[in-house]
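Below: the structure, in structure tokens.
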2 protein chains.
Amino acid sequence: MKILLHLSFLGTKYCGYQIQPNGITIQQRLNEATRALFGYDCDIVGCSRTDSGVHANQFCVAVSKKGTNCLQTTIPIDRIPQAIAPHLPEDISVIGAELVEDEFHPRYDVKYKEYVYRIWNKPYRNPFLQDRTWHYPKPISDEALVRMNEAAARWRGTHDFSSYMAADSKITDAVRMIYEAEVVRKGDVVEFRVSANGFLYNMVRILVGTLICVAEGKISPEEIDELTESGDRSRAGMTAPACGLFLNKVVY
Amino acid sequence: MKILLHLSFLGTKYCGYQIQPNGITIQQRLNEATRALFGYDCDIVGCSRTDSGVHANQFCVAVSKKGTNCLQTTIPIDRIPQAIAPHLPEDISVIGAELVEDEFHPRYDVKYKEYVYRIWNKPYRNPFLQDRTWHYPKPISDEALVRMNEAAARWRGTHDFSSYMAADSKITDAVRMIYEAEVVRKGDVVEFRVSANGFLYNMVRILVGTLICVAEGKISPEEIDELTESGDRSRAGMTAPACGLFLNKVVY
């Protein structure tokens, strides 16, 4: 058996999840914390890469003793979230832990993932949602919200999402299946929720940039199908900033 | 006429509202921003002092040209929130502006104020509510919530609140009228809301510390009346940390 940790983290200060030479990452902090807790080096395998500045309400990592694919510890599994907390910075929290089989893979075994993108939609800033939303100051009307939902609905199903992939991505198979895609207003926050069997590099942020074009009347909902089919990144919207993006749910 | 600004701010980095020699305050930042916007020094009068680290969803300040008690500007009043934004740090936001009479006083003319105190009540930390809640990890049961509300109800009305005032406060008249006091659960956050015609130094934070004693069974709701009448600060609970406290509403 090995251990699957459920995390939430504020990504603002991190260069994404995955270890890299030029900055602090979530994985690096987990390496340090698990070494301190278990007393030996561990292999940490994440459910996803996330970009610099992106957050997670739920992110999963499998932890095993380095090179062994399993982990033995005398710490009861339900005590691990509190036991590891003192070894982690305040912007990373372990919110749950469970035992999984040695063969379990936190990335390949994902059934689907849900992302949420949050937009603070008032002319003035919200000091409490700084770094936790994207501030888009122009009012998004109810009518615009309807059009955004018409556009989002056209992404549901199986499509080649090359039009919504970062231009420098090296992925060749851009076919993904979107299960749900909707835009909801929650007070002064406009929220885009999207679940899929997989996501391309920057995909959710480009979908959001495209929804903003729809809100502004630059792209009509009816044009979305053709835009998707074109595979032309330059026709989609901008890449919305990382600060509004949350990995919200990982389902195995 | 002078101008009343409605602010919200994240108080984490500030030594409270009022200017003081040993740290950065909200008032100091407003002095700088209004000077930059209007081109001259201004008098800034706030609705309240707030402690170091305390936040505001709504805080009001009157702005007038230094020494004149009025302010003339060519900037349309409804444009001021956006015009002042570039001169303020990201954790202070002007959310509204209105014209008020020269005689208006933002502290003396307050009818009542509402504070909200937020407790993150899970065993693990919430990275997104860090500095925006107090983390109290022991579960507050529904039964405890009922007792907390029974205790809070006993504070309603006009009482001498000396028992709930910082021991080093110099105020001699500690009689205040509490209009509403209640504890509600919102998901994993337990929230104490209290409105009154005025508040003593540290009063809301000591009320919260006392409610925690009630939750833990150290003080019964029935003991509250006697505790209040005793005027004995040492019998009330601890002063809960500043990070959970928000000035929520100011009504004139």
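Put the label 7 Å from Cα along Cα→Cβ for B:R107; what are its distances to the other copies, in nanometres, shortest first?
Here B:R107 shows inter-copy label distances of 5.9 nm.
When a/c is below 1.5 the answer is rounded, else prolate if a/b is larger than b/c, else oblate, so apply that to segment B:76-176 with a ≥ b ≥ c taken from the square roots of the Cα gyration tensor eigenvalues.
Values: a/c = 2.49, a/b = 1.30, b/c = 1.92.
Oblate is the answer for segment B:76-176, as a/c is 1.5 or above yet b/c matches or exceeds a/b.
Set the Förster distance to 22 Å, then compute FRET efficiency between B:R156 and B:Y252 from the Cβ-Cβ distance, nearest 0.05. Could you put the intermediate results ahead of the total?
On the way: r = 22 Å, r/R0 = 1.01.
It comes out at approximately 0.50.
What is the gain in length, in nm to one decimal, between B:E229 and B:E103 on full extension, counting 0.36 nm per residue of separation less the C-alpha to C-alpha distance? Write out the running numbers ahead of the final one.
On the way: separation 126, 0.36 × 126 = 45.36 nm, distance 3.77 nm.
The span from B:E229 to B:E103 would gain 41.6 nm if fully extended.
Please compute the contact order of chain A in relative form: average sequence separation of alpha-carbon pairs under 8 Å and at least six residues apart, divided by the residue count, as a percent.
Working: 567 pairs, mean separation 57.6, N = 252.
Once divided by the residue count of chain A, the mean separation gives 23 percent.
Can you tell me the orientation of helix B:26-38 relative to chain B, as the angle in degrees between its alpha-carbon axis and the longest Cα principal axis, to the nearest 10?
The angle comes out near 20 degrees.
With a 1.4 Å probe, how much accessible area is buried between chains A and B, both sides summed, in Å² to the nearest hundred?
Working: alone 12070 and 12080 Å², together 22180 Å².
Interface between A and B: roughly 2000 Å².
Report the residues of segment A:6-37 in range of a label on A:T68: point 7 Å along Cα→C-beta, backbone N strictly under 14 Å from it.
Of the residues in segment A:6-37, A:35 have backbone N under 14 Å from the label point off A:T68.
Between A:S220 and A:K13, what is the label-to-label distance in nm when each label sits 7 Å out along the Cα-to-Cβ direction?
Modelled inter-label distance: 5.0 nm.
Which value does Rg/Rh take for the protein assembly as shown over its C-alpha atoms, Rh per Kirkwood?
On the way: Rg = 26.0 Å, Rh = 25.6 Å.
Answer for the protein assembly as shown: 1.02.
Across bins of 5 angstrom width beginning at 0, how are the C-alpha pair distances of segment A:2-100 distributed, in whole percent?
3, 14, 27, 28, 18, 9, 2, 0
Could you grab the relative contact order for segment A:2-100? Cα pairs under 8 Å, six or more apart, rounded to a whole percent. Please list the in-between numbers first.
Details: 207 pairs, mean separation 40.6, N = 99.
Averaging sequence separation for qualifying contacts and normalising by length gives 41 percent for segment A:2-100.
Checking the a/c ratio against 1.5 first, then a/b against b/c, what shape does the Cα gyration tensor give for chain B?
On the way: a/c = 2.38, a/b = 1.75, b/c = 1.35.
Here chain B falls in the prolate category.
Considering only protein heavy atoms and a probe of 1.4 Å, how much of the accessible area of segment B:112-251 is carbon and sulfur, as a whole percent? It would help to have the intermediate numbers written out before the result.
Working: 2960 of 5890 Å².
Using a 1.4 Å probe with all protein chains present, segment B:112-251 comes out at 50 percent carbon and sulfur.
Which chymotrypsin sites (Phe, Trp or Tyr not before Pro) in segment A:104-199 pass both tests, a DSSP loop state and at most 14 other beta-carbon atoms within 10 Å?
On the way: sites: A:F104, A:Y108, A:Y112, A:Y115, A:Y117, A:W120, A:Y124, A:F128, A:W134, A:W155, A:F161, A:Y164, A:Y179, A:F192, A:F199; in loops: A:F104, A:Y108, A:Y124, A:F128, A:W155, A:F161, A:F199.
Taking segment A:104-199 and a limit of 14 other Cβ atoms within 10 Å, the loop chymotrypsin sites (Phe, Trp or Tyr not before Pro) found are A:Y108.
State in Å² the accessible area per residue of the protein assembly as shown; use a 1.4 Å probe, count heavy atoms of protein chains only, and round to the nearest integer.
Details: 22180 Å² over 504 residues.
Roughly 44 Å² per residue, with all protein chains present.
Distance in nm between label sites at B:M177 and A:D131, each 7 Å beyond Cα in the beta-carbon direction?
That separation, rounded to one decimal, is 4.3 nm.
What's the FRET efficiency of B:S169 with B:V146 using the Cβ-Cβ distance as r and R₀ = 30 Å, to the nearest 0.05? Show your work: numbers first, answer last.
Working: r = 32 Å, r/R0 = 1.05.
About 0.40, to the nearest 0.05.
Let me confirm one metric for peptide B:127-135, namely the mean number of other chain beta-carbon atoms within 10 Å of its residues' beta-carbons.
5
If you put a point 7 Å past Cα along the Cβ direction, how far is that point for A:G187 from the same point in each other copy, in nm, smallest first?
So the distances to the same position in the other copies read 1.0 nm.
Using a ≥ b ≥ c from the Cα gyration tensor of segment B:149-252 (square roots of the eigenvalues), is it rounded, prolate or oblate, where a/c under 1.5 gives rounded and otherwise the larger of a/b and b/c decides, a/b for prolate?
Details: a/c = 1.40, a/b = 1.09, b/c = 1.28.
Taking the square roots of the gyration eigenvalues as a ≥ b ≥ c, segment B:149-252 is rounded.
How big is the gap, in Å, between the Cα center of segment B:143-209 and the Cα center of segment A:1-68?
What the calculation gives is 42 Å, centre to centre.
The values are calculated or read from the model by the stated rules, or taken from the named source; none is laboratory data. Just so we're clear, the structure is a prediction, and the values are computed from it rather than from any experiment. Every residue, glycine as well, gets a Cβ built from its backbone with ideal geometry; the counts of neighbours run over all protein chains shown. Each accessible area value is taken on the protein alone, full model and side chains, heavy atoms only, with ligands, DNA and RNA left out. Shrake-Rupley method; radii C 1.70, N 1.55, O 1.52, S 1.80 Å.
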